Amino acid sequence: MSSHTAETKLSFQGKLILEADLHCETGLHIGAGKGTLEIGGADNPVAKDSRGRPYIPGSSLRGAMRHALERLNGVKPEELVHLSRRRGQEVRIHQSDRPGDEIGLLFGRTGDGGAFAPSRLSVSDAVLDADSITPQMREYLDDELTEVKSETAIDRLTAQSASRTLERVPAGAKFRVRIVMDVLCPEDKELIAPLIQALRLVEDSGLGGGRSRGSGRVRFSNAAASWRSKDYYLNGSGAKDVATAADLASLSAAAIAEQID
């Protein structure tokens, strides 16, 4: 719980920019939906950009981070607020009226069922480093940049099997992640710690689909944080490098907060 209160005044302080490499330790599947299927293609294709390259949507990483933090901190049943209906299914989100709720402060909350708070967090789409798909890896891929994993579902009553295929970005692929956190008051420095916690949780809980069946294990490396103060945008002062770390475990939230002014 942060020290934010209902009386906390918001005034733009600057932006904390966190960048890191995301490595696929196992195949990664973030689906593009079942639009049009090619003959012989996978049942579940991965999301690709206009150049046909797989990417990690910012919404997918952001959602995984939020879900991981909610599991870590626990979600009260009374704070599950009905938001909308999609295809006849109720969709609920976690929303509280506690001023110090770190999840609501980081990811934002509407005025429905709780006090309004602007989102501090922006997660960009992560672009694939095409060179991370080496020529040796390509020899074993089903497509230029992806593989197809075949799976079998067994009917528990009849023992009949049904095959399915899953397109995945292969293990060894690397993406560049960029996360921007708006600092809107001095108390927002306390949100750096849960931000790093969320990324560390994603490393151990996985990303994308098929995680319970082996897909989606990821690792972050080459983390770097920089600070762009209000003066950076008003008068063109330089950005300030506040942290570098080989892995997330070495990234200190307290050390970063000390250098933000």
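Over 21 Å apart at the Cα level, from the set Lys15/Lys76; Lys174/Lys240; Lys9/Lys230; Lys149/Lys174; Lys15/Lys240, are Lys15/Lys76; Lys174/Lys240.
From the coordinates of this entry, log10 I(q)/I(0) by the Debye sum over Cα atoms at q = 0.10 Å⁻¹ is computed, and it appears in [x] -0.60; [y] -0.45; [z] -0.52 under the label [x].
Only helices enter the 222 nm calculation for the chain: every DSSP H run of n ≥ 4 contributes -39,500 (n - 2.57), and dividing by all residues gives -5500 deg cm²/dmol, rounded to 500. The residues Ile179, Ile192, Ile260, when put in order of fewest to most other Cβ atoms within 10 Å, stand as Ile260, Ile179, Ile192. Sorting Thr110, Thr146, Thr134 from the fewest to the most surrounding beta carbons within 10 angstrom yields Thr134, Thr110, Thr146. Principal axis extents of the Cα atoms in segment 122-207, from largest to smallest and rounded to whole angstrom, are 60, 42, 17. The label-point distance for Asp143 and Ser119, in a model that sets each label 7 Å from Cα toward Cβ, rounds to 2.7 nm. Extent along the principal axes, Cα only, for segment 199-245: 52, 20, 12 Å, with the longest axis given first. Residue exposure proxy: Lys9, Lys15, ordered by other Cβ atoms within 10 angstrom of their Cβ from fewest to most, comes out as Lys9, Lys15.
Read-outs throughout are calculated quantities, based only on the coordinates presented, and are distinct from any laboratory measurement. The structure displayed is predicted, hence computed values, not measured ones. Positions of Cβ are backbone-derived with ideal geometry, glycine not excepted, and every protein chain shown enters the neighbour counts.
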